[in-house]
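Input: a single structure, listed below in structure tokens.
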């Protein structure tokens, strides 16, 4: 059954969430529950090759034997995996030849999200692969990218058009056995994005995907695979909003990045999923596995601004396999009300002269709990490895919590590892100073917080940085106590 | 411009201001002097609108409006400026961004248009020259890593940018060497007009060698106990505050 505007009206008692709305597009939906039959259903719906079905079934069997992790500093009611529908796709799956062909209601959804496509195309040169309920419905700039040999498409399309690449790299960085949620994703993922940059090509525009959870009660199991071939460069943007829901929704994505020799990948995320209401009811569970692999002289840079979700469990990581490879992690994580975030990174140094930088800025407000969890691992052959970590926490109230769990494992004596950490409370003196200059309290908080996060926001592409700044301000409205 | 009548203010239940009266007219410079703990900084904080202080009695009219009813930011927007004794650092927020935000909020409140980037930068150049503030400091984070003298100069620079009706300088001379003192004082003098007024709160006479006050008031035990012409400041410098204390000890 489709979710209608009437259902929505009932659900929308809490109108605080700006992006809380649904689009009334008919959808194809799998019955609730998870078993081999459902997996075969998903695979058949997507007209997948046999090897991929086998991949899913193997992952399902592994997942069935696994237990949910509970080491993170978060508390929540575990999702009932048999009460979730694992597949929902908008009924019109046909690809649009031109923008005019796109369903007006879909256009309206995008307009509400603030991403007018024409405008994006015209003004920013961003090619948007818009994923709604797991099926990619509109892709732009494909022709231009195609001239350079760049492949940027939905994951399903990649499975059909470029099976050799998918087969070679899928699961090579995040194996199905990696963790509970990665295994679940490997079994039931419905779509996602795929990107391949050929040798020596510098992608001329930011590649961007907007994810959006639109169907009631469907978990989202996105899968992203980015491959930067030797000497290539790509900057990839991922931004998210979701309509609000009373019941918790599960999101367990897998993102794999592969940077071959001398390649560079910059992956930026702004995450703004429904965080639940003021009393901690509802909100998205965001259990994501993101990892990149660097070959010789390669570089991967993760930048994230996390303001949404009720519970976040996310550690974008780098495996610095090749000599002289570089990993970077820049993060701002904001929690308000009853949100809980346990986020950080892993930097695995395998090659010689590998370098990693971690800049983490946590902001806790309301009664929320915000944890940084990071691992810096220097293996025995990683001569002259270097790491610099800086973990700062900003507290907005007396009732919130900030926690830092830095792990360091070093097996090579030539390594240099630095760790700095600070915790501060937003200063009443700072706010008074701003007020005395005529600046309102809301703007003052926004200024102070954006200043605090500057090192991270500076890493984001321009338009994204502006959006992120607004998000920070919205997330922290009226939160000083 | 400013009329304070019988002002009583306390913090944590302790009364600091005990019936203070002051009348400041446009074009005037008033110096408020007094020993430590007399309530000088409390007066500045209360006028600016710090929430920790409780006003138990009295009235303050600013341009005919009830100042005590106004929110802190509205007082600023109405033209009240406080040069802080200890200017606050705001890491990561550039001075220019901070000032542009402030200026535009004030303009919006007063029904004016936002200032254009070009006009704003021209204003920054013009006003930073008044306090001989390095242009680089204008683009650095607010007060972060500034020396004591730079912070005070930055306060006067902000004052110049926001062009207030009433400026309150809270111990602006403290911690300044003689050159910085001269620069800060010159800045204040340059900004003086018959439309604005200045209250200089200070412990020492030396700032008043540069900024010559029309009136000097002695604040003691939460009240203004003596007012006079600028010569009073010299007398205080010479004799200290003990004779005042002796006179008013109960």
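Could you please find all residues in the range A:153-162 being closer than 16 Å to residue A:189 by Cα and in a helix (DSSP H, G or I)?
Filtering the range A:153-162 for residues closer than 16 Å to residue A:189 by Cα gives A:153-160.
Matches in the range A:153-162: A:155, A:156, A:157, A:158, A:159, A:160.
So, of the residues in the range A:446-459 that are closer than 17 Å to residue B:91 by Cα and in contact (Cβ under 8 Å) with a residue 40 or more places away in the chain, which turns out to be surrounded by the fewest Cβ atoms within 10 Å (Cβ to Cβ)? Give the steps one after another, and end with the answer.
To start, the set of residues in the range A:446-459 that are closer than 17 Å to residue B:91 by Cα comprises A:446-458.
Subsequent filtering for residues that are in contact (Cβ under 8 Å) with a residue 40 or more places away in the chain retains A:449, A:452-453, A:455-457.
Numbers: A:449: 26, A:452: 22, A:453: 24, A:455: 14, A:456: 21, A:457: 22.
Here the residue is A:455.
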Exercise for review: Please go through the range A:433-472 and pick out each residue that is in contact with a helix residue (DSSP H, G or I) (Cβ under 7 Å, 6 or more places away or on another chain), more than 17 Å from residue A:362 (Cα to Cα), in a helix (DSSP H, G or I) and at the interface with chain B (Cβ under 9 Å from one of its Cβ atoms).
Suggested key: A:434, A:435, A:436, A:441, A:443, A:444
Study note, to complete from the structure: Condition set over 13 Å from residue B:106 (Cα atoms) and within 8 Å of another protein chain (Cβ to nearest Cβ), scope the range B:72-85, selection surrounded by the most Cβ atoms within 10 Å (Cβ to Cβ): answer is B:82
Review point. Tell me, which residue of the range B:130-149 that is touching a helix residue (DSSP H, G or I) at 6+ places or on another chain (Cβ under 9 Å) and in a helix (DSSP H, G or I) is farthest from residue B:91 (Cα to Cα)?
Key: B:130
Review point. Looking at the range B:118-136, which of its residues are closer than 24 Å to residue A:444 by Cα and buried (at least 18 other Cβ atoms within 10 Å of the Cβ)?
Key: B:124, B:127, B:128
Review point. Pick from the range A:355-373 the residues that are without any contact (Cβ under 8 Å) to a residue 60 or more places away in the chain and farther than 24 Å from residue A:399 by Cα: which of them is surrounded by the most Cβ atoms within 10 Å (Cβ to Cβ)?
Key: A:356
Check your understanding: In this structure, is residue B:89 free of Cβ contacts under 8 Å to residues at least 40 places away in the same chain and in contact with a helix residue (DSSP H, G or I) (Cβ under 9 Å, 6 or more places away or on another chain)?
Key -> no
Check your understanding: What's the number of the condition residue A:41 fails, among (1) within 21 Å of residue A:250 (Cβ to Cβ); (2) at pLDDT 90 or above?
Key -> (2)
Review point. For residue B:171, all conditions in the list (1) touching a helix residue (DSSP H, G or I) at 6+ places or on another chain (Cβ under 8 Å); (2) more than 19 Å from residue B:24 (Cβ to Cβ) hold save one; what is the number of the exception?
Key: (2)
Exercise for review: Exactly one condition in (1) out of contact with any strand residue (DSSP E or B) (no Cβ under 6 Å at 6 or more places or on another chain); (2) crowded, with 18+ Cβ neighbours inside 10 Å; (3) in a loop (DSSP other than H, G, I, E, B) is not met by residue A:383; state its number.
Suggested key: (2)
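Give the residues of the range B:52-70 that are assigned to a loop (DSSP other than H, G, I, E, B) and either within 8 Å of chain A (Cβ to nearest Cβ) or in contact with a helix residue (DSSP H, G or I) (Cβ under 6 Å, 6 or more places away or on another chain) (or both), sorted by residue number. Quick ask: steps written out before the conclusion?
Going through the range B:52-70, the residues assigned to a loop (DSSP other than H, G, I, E, B) turn out to be B:52-53, B:63-64, B:70.
Correct list: B:53 only.
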Check your understanding: Limited to the range A:386-411, what total is found for residues that are assigned to a loop (DSSP other than H, G, I, E, B) and either free of Cβ contacts under 8 Å to residues at least 60 places away in the same chain or within 13 Å of residue A:343 (Cα to Cα) (or both)?
Key -> 1
Revision key, fill the gap. Subset of the range B:90-115, residues at the interface with chain A (Cβ under 8 Å from one of its Cβ atoms) and either assigned to a loop (DSSP other than H, G, I, E, B) or surrounded by fewer than 19 Cβ atoms within 10 Å (Cβ to Cβ) (or both), comes to B:91, B:97, B:109
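Go through the range A:416-432 and count every residue that is in a loop (DSSP other than H, G, I, E, B), surrounded by fewer than 20 Cβ atoms within 10 Å (Cβ to Cβ) and more than 8 Å from chain B (Cβ to nearest Cβ). If you could, list the steps in order and put the result at the bottom.
Step one: list which residues in the range A:416-432 are in a loop (DSSP other than H, G, I, E, B), which gives A:426-427.
Among the residues that remain, those that are also surrounded by fewer than 20 Cβ atoms within 10 Å (Cβ to Cβ) are: A:427.
In the following step, the residues that additionally are more than 8 Å from chain B (Cβ to nearest Cβ) were identified as none.
Total meeting the criteria: 0.
The values are calculated or read from the model by the stated rules, or taken from the named source; none is laboratory data. Source: prediction; values computed, not measured. Reconstructed Cβ throughout: ideal geometry from the backbone, glycine too, with neighbour counts over all protein chains shown.
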